[in-house]
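Student: Dumping the structure here so I can ask a few things about it.
Read-outs: derived from the displayed coordinates by stated rules, not from any lab. Because the structure is predicted, anything quoted here is derived from the model rather than measured. Cβ placement follows ideal geometry from the backbone for every residue including glycine, while neighbour counts extend to all protein chains displayed.
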Amino acid sequence: MIPNVGAVDRTIRLGIGLFLLSMLFWGSGPWRWAGLIGIVPIVTATVRFCPLYAALGWRTCRRNADGSCGCGH
């Protein structure tokens, strides 16, 4: 998989994912379990690959002049 999630996008995804997971502890009712959705942005931030971005041809990870990934891979 070629990384397509950049550094800023990754930070935002981690923040949103952690916020959603925290709903498991402070949420109530059915919304509490909606916090499990937070796993998705955490995983995509960790592996730096988003399948939706790949399907749409989007990339927030910049490329170097030689074509290599500029986000540390």
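Student: For Rg/Rh (Cα atoms, Kirkwood Rh), which listed value, [x] 0.96; [y] 1.11; [z] 1.20, comes from the coordinates shown?
Tutor: [y]
Student: Around VAL47, with a cut-off of 15 angstrom between Cβ atoms, what is the net charge of the other residues, counting Lys and Arg +1 and Asp and Glu -1?
Tutor: Details: positive: ARG10, ARG13, ARG48, ARG59; negative: ASP9.
Combined, the nearby Lys, Arg, Asp and Glu give +3.
Student: Between LEU21 and ARG62, what's the calculated FRET efficiency when r is the beta-carbon distance and R0 is 35 Å? Round to 0.05. Write down the numbers at each step before the final one.
Tutor: On the way: r = 29 Å, r/R0 = 0.82.
Efficiency, rounded to the nearest 0.05: 0.75.
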